[in-house]
Structures are given as structure tokens and as C-alpha cells.
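What follows is a short report on a single structure.
The values are calculated or read from the model by the stated rules, or taken from the named source; none is laboratory data. Every value quoted in this text rests on a predicted model; they were computed, and no experiment measured them. The protein model used for the area step is the full one, side chains on, heavy atoms only, and it has no ligands, DNA or RNA in it. Shrake-Rupley method; radii C 1.70, N 1.55, O 1.52, S 1.80 Å.
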Amino acid sequence: NCSYFKHFTPGESSEIFEVTTQKEYSISAAAIAIFSVGFAIIGTICVLFSFRKKKDYLLKPASMFYTFAG
């Protein structure tokens, strides 16, 4: 008796498994990705300003922005 594997047995009413993405998850994933890219860009700007103008105090905020991007 294969009643446990109903979706493999022909002739019986079987459920069709559909893979769908939920819209809420897609929107939140896109928003997190956009914020992550933004934090990485701000961190890069801080690093470039730090190396170009010899301002070492900008490296701490840059590291925090890179941490937030991760």
C-alpha cells in the first residue's frame, strides 16, 4: 500500500505541487539588496576619501558601512 506516496501513484487523485514565490519575500529581498549596495557604496566613498586626503578617521565609519552591507 503506497498511501504515503499519493503523488506518485497514478489513477488516484493526486495533488499538484506548484512552486511559487511569495511577493512579500521578493520585495523584502530586493529592498535588503538595495540597502546593502547603498551601504557598500558609502563605505567605498569613505575609504577613497580617507586614502586621498589622509584622513584616517574615516576608516571606522567605512568599516561600519561594510559591516552593515554584509
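Annotation: Tyr66 carries an accessible surface of approximately 100 Å², with a 1.4 Å probe and no ligand, DNA or RNA atoms counted. Per residue, the accessible area of the range 29-69 comes to 77 Å² when a 1.4 Å probe rolls over the protein heavy atoms. Computed extension gain for Lys55 through Val37, at 0.36 nm per residue and net of the alpha carbon distance, reaches 4.1 nm. Rolling a 1.4 Å probe over the protein heavy atoms leaves Ser28 with an accessible area of roughly 50 Å².
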